[in-house]
1. Note down all Cβ pairs under 7 Å where the first residue falls in region 181-196 and is surrounded by fewer than 22 Cβ atoms within 10 Å (Cβ to Cβ), the second is of a type in the set (Asp, Glu) and part of a loop (DSSP other than H, G, I, E, B), and they're at least six residues apart or on different chains.
2. Hand me the list of helices (runs of 4 or more DSSP H) wholly inside region 89-161 holding 1 or more residues that are at negative phi, β-branched (Val, Ile, Thr) and surrounded by 20 or more Cβ atoms within 10 Å (Cβ to Cβ).
3. Sort through Lys32, Lys5, Lys61 and tell me the only one that's at pLDDT below 95 and either in a loop (DSSP other than H, G, I, E, B) or of a type in the set (Phe, Trp, Tyr) (or both).
4. Let me spell it out: the conditions are (1) touching a residue at least 12 places away in the same chain (Cβ under 8 Å); (2) more than 22 Å from Phe202 (Cβ to Cβ), and Asn152 meets all of them except one. Which number is the exception?
5. Condition first: in a loop (DSSP other than H, G, I, E, B), out of contact with any Gly (no Cβ under 8 Å at 6 or more places or on another chain) and basic (Lys, Arg). Can you find one or more residues in region 179-191 that meet it?
Amino acid sequence: MLRIKNLRINISQHLRATIASYKIMSGNESQKHGFTWEHKIILNVFRVSDDIRRKIKYTAKMDLPAALNKLDGCDVSIKTTGSPNTVCMGDCLRVYDSICSNKPLHLVVVIYKQDDVNNRKKLIEIIQVDITGLKGKLFGGITREEIEELVNAVKRVPHDRKPTAEEHKAMFDIQKIVQEKSCAIYLNIKCDSKQSRLQCSFNKFLEFIERNPDKIIARSKTNEFRGGVIPMELESGRRARKKKCAPTSTIEPTPAPTSTPTPTESTISQE
């Protein structure tokens, strides 16, 4: 009876995990391109078998943990973007901690162009950069406590409703002050009737590349990258963007600086 009970528990846990994974992967068709390119990079570039790749949880901190990186031996975060100068990075506090840990960390970015006529995404460039310990060049003078303060202000809003005018103002007042201390990272408040979280984006990516060529590990303008090949094109429409922290009729959110546009495409994985 004990064996049968344990078997039922294991099957149940596996089934729940499978269903959760399916919901995440199928929840937004226009985001699947990010997962496809990410998986192909892990398989074809970093030479990780599909069986092992599947063991990397969707919620893992890194797309490719250092233990599986046979090329560089460090953690790797893989992102895709349709805006060359803007790379959505995910959970702000998690990104901050990863950067500040000084643990070797590389960022692989797949830049693509959207074809709205044929609903396809065409790969333009792949870039791998070393962002280990670059807290100053990315977050500037922002402290962890300041990010926590903003995160707490956002999370005070329940997930089942939009923020009030007072809550909205409180969040963006803090965001404005903290944002002024940043260098290349933009703080993105995601707050509506379905979510209350703080993400961030690398909003001066190409500028960073130009100013820090020594941080470039590899770069390719084709689908061949570090000895591997990934799809050149993927069938995928433009992502339908949701409204940000729902503004009231009299209050508008603080816009991103003109030199660092608000992200239009992203893969957020790994939140």
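1. Taking only residues 6 or more apart or on different chains, the pairs are Ser193/Asp160.
2. 92-100, 144-155
3. Of the residues listed, the single one that is at pLDDT below 95 and either in a loop (DSSP other than H, G, I, E, B) or of a type in the set (Phe, Trp, Tyr) (or both) is Lys61.
4. For Asn152, the exception is condition (1).
5. No, every residue in region 179-191 fails to be in a loop (DSSP other than H, G, I, E, B), out of contact with any Gly (no Cβ under 8 Å at 6 or more places or on another chain) and basic (Lys, Arg).
The values are calculated or read from the model by the stated rules, or taken from the named source; none is laboratory data. Small disclaimer: the values here were computed from a predicted structure and weren't measured. So basically every Cβ, Gly included, is an ideal-geometry build from the backbone, and we count neighbours across all protein chains shown.
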